[in-house]
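Chemist: This is the structure I have questions about; it appears just below.
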Amino acid sequence: MSDESRRTEKPTEKRKSEFTKKGNVPRSRDITSVAALLGGAVVGIKMVGYSGTALFGFAENTFAHLDSSLDSVGPQMVRVLLQVAMPTALGAVTCALVVGTVQLGWPPALRFPSPDFSRVFTVTGLGGVLSPKAIATRTVFAVAKFAVVALAAFMAARDEYERFHQSPALESRELFGRLLGGITHLASYAVLALGALAVLDYLQNRQSLTKKMMMTKDEVKREHREQEGDPQIKSKRRRKMRELVKKRIALAVKKADVVLVNPTQYAVALRYLAGKDRAPKVLAKGRGPLADKIRELARQAGIPIVPDPPLCRMIYKLVPDGKEIPATLYKAVAEVLAYVYRLRRRSR
């Protein structure tokens, strides 16, 4: 069974994050190209009045002074062309950067380009590049792009021809406006068609990346062990912690004056040393099996066990191990300790 056929599990968040850090995110260069074309087209249309005025002004000034020196025509022409082309270029670059950043996500997953020839000059790499499926996919997209642009050009040219046939433009300014209108018409058709192809390309790249991120069951289990820890090691750690807790509780209960119980669910071991402790202190507490262990240790050590469910539950919930009880419980605990001291005196 091939490795691809065993990748049946959805990618985890960690695997997605690893792919993102490496720059492997779903994106389409065609979408960036269409965004640049659209941004340049929009800015060009908005600036068509300014561009037309600059070009016509340059043409009129040049043809009006043909008898003078032509040395300044070249620099002036370059300056005018820059004035006309610069806004459109800025619009295209801005849109391309924005769309590229959106595809990469934020913060963008940027990597410095480094050639990895091992991915190409291998049987697998060459097979991916020269496989019939890859060649067919590239050919289909290239033919589709050419066909879309050709169809857009044909439709735009047909519409403009019919429009020109119905109302011909003879003056230079009107003819220039018709030319710009035809270019705008062509750009609109091309952007819409190429945008649809770009969306399909993005979806195809996203599906391909998702398929590449799929994981095998062994990879999921290994990642789970890395994040949560080996179950055997965790079990040993928990068993060791329980043993340490039991030892600590055994030492603490032997020093207690009394153990309050509830009568089976909770157990709290208290101690009060006059002149040393400011208030009675909780040496150990537990619930369920741990409470049973505290009662057993108390019986073995001869520590009095006093059932007082309300007081036991309150101390268990309010006072951590090793801390003194609050002043609000002094009176209730003092009564219990007084009872224990009376029992000791009688036993003596």
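Readers should treat all values here as calculations from the given coordinates under stated rules, not as data from a laboratory. Just so you know, these numbers come straight off a predicted model, no measurement behind them. All Cβ positions, even for glycine, are placed from backbone atoms using ideal geometry, and neighbour counts span all protein chains on display.
Chemist: Give me the dipole magnitude in Debye, nearest 20, for the range 183-253 about the Cα centre, with unit charges on the beta carbon: positive for Lys and Arg, negative for Asp and Glu.
Modeler: With only Lys, Arg, Asp and Glu charged at Cβ, the dipole is about 1140 debye.
Chemist: Check which residues have an amide H placed less than 5 Å from D257's amide H, if you skip close sequence neighbours.
Modeler: Distant-sequence amide H within range of D257: L270, R271, Y272.
Chemist: Can you tell me the FRET efficiency between Q300 and L209 if r is taken as the Cβ-Cβ distance and R0 is 51 Å, rounded to the nearest 0.05?
Modeler: For Q300 and L209, the calculated efficiency is 0.20.
Chemist: Can you tell me how much longer the chain between A196 and R237 gets when fully stretched, taken as 0.36 nm per residue apart minus their C-alpha distance, in nm with one decimal?
Modeler: Separation in residues times 0.36 nm, less the Cα-Cα distance, equals 9.0 nm.
Chemist: What order do you get for T210, T8 when you list them from fewest to most C-beta neighbours inside 10 Å?
Modeler: Ranking T210, T8 by Cβ neighbours within 10 Å, fewest first, gives T8, T210.
Chemist: If you don't mind, there's one more thing I want to ask. How would T328, T32, T216 line up from fewest to most surrounding beta-carbon atoms within 10 angstrom?
Modeler: T328, T216, T32
Chemist: Give the value in nm², to one decimal: projected area of the alpha carbon convex hull of the range 233-347, averaged over all directions.
Modeler: With every direction weighted equally, the projected area is 7.5 nm².
Chemist: I want to check the label-to-label distance for I183 and T94. Put each point 7 Å from Cα in the C-beta direction and report it in nm to one decimal.
Modeler: If labels sit at I183 and T94, their model points lie 2.0 nm apart.
Chemist: Further question on the same structure: Which of the pairs K133/K217; K254/K281; K16/K212 have their Cα atoms more than 18 Å apart in this structure?
Modeler: K133/K217
Chemist: Most exposed first by the Cβ proxy, i.e. fewest other Cβ within 10 Å, how do C95, C312 rank?
Modeler: Ranking C95, C312 by Cβ neighbours within 10 Å, fewest first, gives C95, C312.
Chemist: Tell me, what HN-Hα J-couplings in whole Hz come from the Karplus equation 6.51 cos²θ - 1.76 cosθ + 1.60 at θ = phi - 60° for each residue of the range 6-23, using x for Gly and Pro?
Modeler: 8, 7, 10, 9, 5, x, 7, 5, 5, 5, 4, 5, 5, 5, 5, 4, 7, x
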